Amino acid sequence: SGGSSTLDVIDTTTDTVSSRIAIGGDPGQAVIVGSRLYLANNGSTNFSIINTTTDTVIGTVSGFTAPFSPTVVGHHIYVGAVNAFNISTVSVIDTNTNINVASITTGDSPQYLSFVNNNIYAANVRGATVSIIDTTSLYSLLPNLTSFSTSASSGTYDTGDSLTITAH
């Protein structure tokens with residue numbers, strides 16, 4: 001619902017509103033990753049994470065200034081900033097942890113993001129430039145796990161198993 005703090009869910013078989021979800025700000029653009037909808041709250045500094053199966057807010061990701069133009073690349077969401085004076089970064093959400101994991105320097109007010117051939121192209125509205133972000137270099141910005149030890153009797157794990165790792 002434009003200008004409100006709710007998101008309308010449309011039943012596509014009847015073209016009617018089937019439910020209304022309370023969110024953290026003025027709903028803007030959204031992207032879907034699996035069964036989760038990441039909704040940029042333009043009137044806020046966060047994203048609402050919505051379970052599309054249950055139509056409920058299951059979390060938020062904070063740390064943005066006027067989030068805009070979310071773009072999915074693998075398990076990361078790159079986020080620009082709408083009409084944000086003095087904002088010259090694109091933020092990155094890791095959808096495995098739902099944490100804002102990186103801030104990449106760009107030109108002024110990176111609003112419109114597009115993904116092409118491993119690059120994010122960010123149109124920097126204030127300055128009329130385009131920043132090119134190599135998405136394969138994101139991993140150099142993140143912390144590196146160099147080694148770990150475990151008391152488990154086996155050194156192999158099945159997909160979905162969890163392992164507690166403590167950084168020192």
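Please list, by residue number, every one of the chymotrypsin sites (Phe, Trp or Tyr not before Pro) in segment 49-127 that is coil in DSSP and has at most 11 other beta-carbon atoms within 10 Å.
Values: sites: Phe64, Phe68, Tyr78, Phe85, Tyr112, Phe115, Tyr121; in loops: Phe64, Phe85.
For chymotrypsin sites (Phe, Trp or Tyr not before Pro) across segment 49-127 that sit outside H, G, I, E and B with at most 11 neighbouring Cβ atoms in 10 Å, the list reads Phe85.
Counting only protein heavy atoms and using a 1.4 Å probe, what share of the accessible area of segment 23-98 belongs to carbon plus sulfur, as a whole percent?
With neighbouring chains kept in place, the figure for segment 23-98 is 49 percent.
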Thr45 and Thr65 label points (each 7 Å along its Cα→Cβ direction) are spaced in nm at 1.0
A 1.4 Å probe over the protein heavy atoms gives segment 99-142 a carbon and sulfur accessible-area percentage of 54
A chain fully extended from Asp15 to Ala128 at 0.36 nm per residue, minus the present Cα-Cα distance, gains in nm 36.7 nm
Honestly segment 1-79 on the Cα gyration tensor test (a ≥ b ≥ c root eigenvalues; a/c under 1.5 rounded, otherwise a/b vs b/c for prolate or oblate) is just oblate
To the nearest Å², the heavy-atom accessible area per residue of segment 1-105 with 1.4 Å probe amounts to 46
Within segment 63-83, the residues whose backbone N lies under 12 Å from a label point placed 7 Å from the Cα of Tyr121 along the Cα-to-Cβ direction are none
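The values are calculated or read from the model by the stated rules, or taken from the named source; none is laboratory data. Predicted, not measured: the structure shown is a model, and the values here were computed from it. As a convention, Cβ positions derive from the backbone with ideal geometry for all residues, glycine included, and neighbour counts pool all protein chains shown. Side chains included, ligands, DNA and RNA excluded: accessible areas come from the protein's heavy atoms. Shrake-Rupley method; radii C 1.70, N 1.55, O 1.52, S 1.80 Å.
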